[in-house]
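Reviewing the structure listed below.
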Amino acid sequence: MNTPQHTIGSGFGAQSTTRDVLRGIDLTGRLAVVTGGYSGLGLETTRALAGAGARVVVPARRRAVAEEAVAGIEGDVEVDELDLSDLESVRGFAGRFLASGRGIDMMVNNAGVMASPERRVGPGWEAQFATNHLGHYALVNRLWPAIEDGGARVVSLSSRGHQLSGIRWDDVHFARGYDKWQAYGQAKTANVLFAVRLDALGRDAGVRAFAVHPGQILTELARHLSTEEMLGRGWIDEQGRPVGTGFKTPEQGAATQVWAATSPQLAGLGGVYCEDCDIAEPLTDAADELTSGVRGYATDPGQAERLWELSAELTGVDAFATGR
């Protein structure tokens with residue numbers, strides 16, 4: 001049964017923190033994988049889950065940087081190497097993890113890039129789509145035996161930026177002109193569609209999937225944006241400080257993905273887009289400005305199935321393929 005895309009009245013909100021959503025939750029004996037779990041929201045997620053007793057595995061493109069970043073965290077954290085833009089690196093990490101014989105209880109697809117200059121990876125793939133979506137798609141499919149074994153929750157970090165673009169089916173890799181924000185929007189829509197399809201495929205095995213919008217937080221994710229661009233968008237003042245009340249702290253920003261990964265309020269639910277520590281409402285209009293809620297094209301089961309098939313074709317990986 002599909003989960004309705006409507007709020008459940010969680011009692012949490014935009015100002016809730018990871019500490020708030022984990023109150024009373026004991027994760028001792030459970031294992032989480034948090035991609036990019038060594039900076040920004042990922043680091044806060046690692047800190048929160050480890051603090052609640054979980055063993056946290058942090059696959060990182062910059063292993064030495066990651067090891068230094070998590071060194072001060074109280075709890076059980078391990079770092080391994082992973083470059084999501086390199087499918088051989090994905091294969092290598094998944095192989096090492098599966099060889100350990102452990103199951104996964106929480107899989108948080110947190111790593112990503114935003115509004116980056118045009119870059120090609122692998123066989124000419126657009127880098128934001130490849131890193132934010134295809135890399136995580138391949139990783140989850142390769143880790144599927146461990147995810148299925150743990151009856152995991154899989155959380156994909158999306159964004160309100162999904163409202164900038166649906167999937168450009170005729171040109172997903174921007175061969176005909178690159179726009180960094182359109183590319184980001186497409187990748188974030190892909191993150192939602194991935195969760196919709198994975199939930200449909202995995203729920204009979206006890207695996208549920210969610211997509212989340214963390215809110216506006218100034219982290220390393222904005223590294224490709226110039227000061228002038230952030231000033232022009234009204235995000236910061238002349239001193240580089242966030243402007244207005246719309247920005248969250250990293251602990252508040254990480255709360256929604258931690259809530260989605262752990263909350264008993266979501267038992268039996270999945271395949272939905274969440275924000276502010278609750279399931280979001282669907283958007284029924286075509287407002288020009290980014291706003292709360294989720295676009296219909298991002299949660300459409302038919303679009304989700306089509307994207308899954310395209311991703312399987314591009315990566316050569318599909319844990320659910322007939323005859324695997």
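Structure data summary
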| read-out | value |
| --- | --- |
| Potential extension, Glu68-Leu98 segment - 0.36 nm per residue separation minus Cα distance | 8.3 nm |
| Relative contact order [Cα under 8 Å, 6+ residues apart], the chain, whole percent | 23 percent |
| Residues whose placed amide H lies under 5 Å from that of Ala280, excluding near-sequence neighbours | Tyr273, Cys274, Glu275 |
| Share, in percent, of DSSP beta bridges within the stretch 18-314 that are antiparallel, nearest 5 | 15 percent |
| Nitroxide proxy distance, nm - points 7 Å out along Cα→Cβ at Ile8 and Thr28 | 2.6 nm |
| Cα-centred dipole magnitude for the stretch 18-314, charges only on beta-carbon of K, R (+1) and D, E (-1), debye, nearest 20 | 360 debye |
| Theoretical FRET efficiency, 1/(1+(r/R0)^6), r = Cβ-Cβ of Ser292 and Trp169, R0 35 Å, to 0.05 | 0.85 |
| Summed residue charge, Cβ within 10 Å of Gly270's Cβ, Lys/Arg positive, Asp/Glu negative | +2 |
| Residue-averaged 222 nm ellipticity for the chain, from DSSP H runs of 4+ at -39500 (n - 2.57), nearest 500 | -10000 deg cm²/dmol |
| Label-to-label distance, nm, for residues given as Gln15 and Arg91 (7 Å Cα→Cβ offset) | 5.1 nm |
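Read-outs: derived from the displayed coordinates by stated rules, not from any lab. Bear in mind the structure is a predicted one, so any value in this text is a computation, not a measurement. Positions of Cβ are generated from backbone atoms using ideal geometry, with glycine treated the same way; all protein chains shown enter the neighbour counts.
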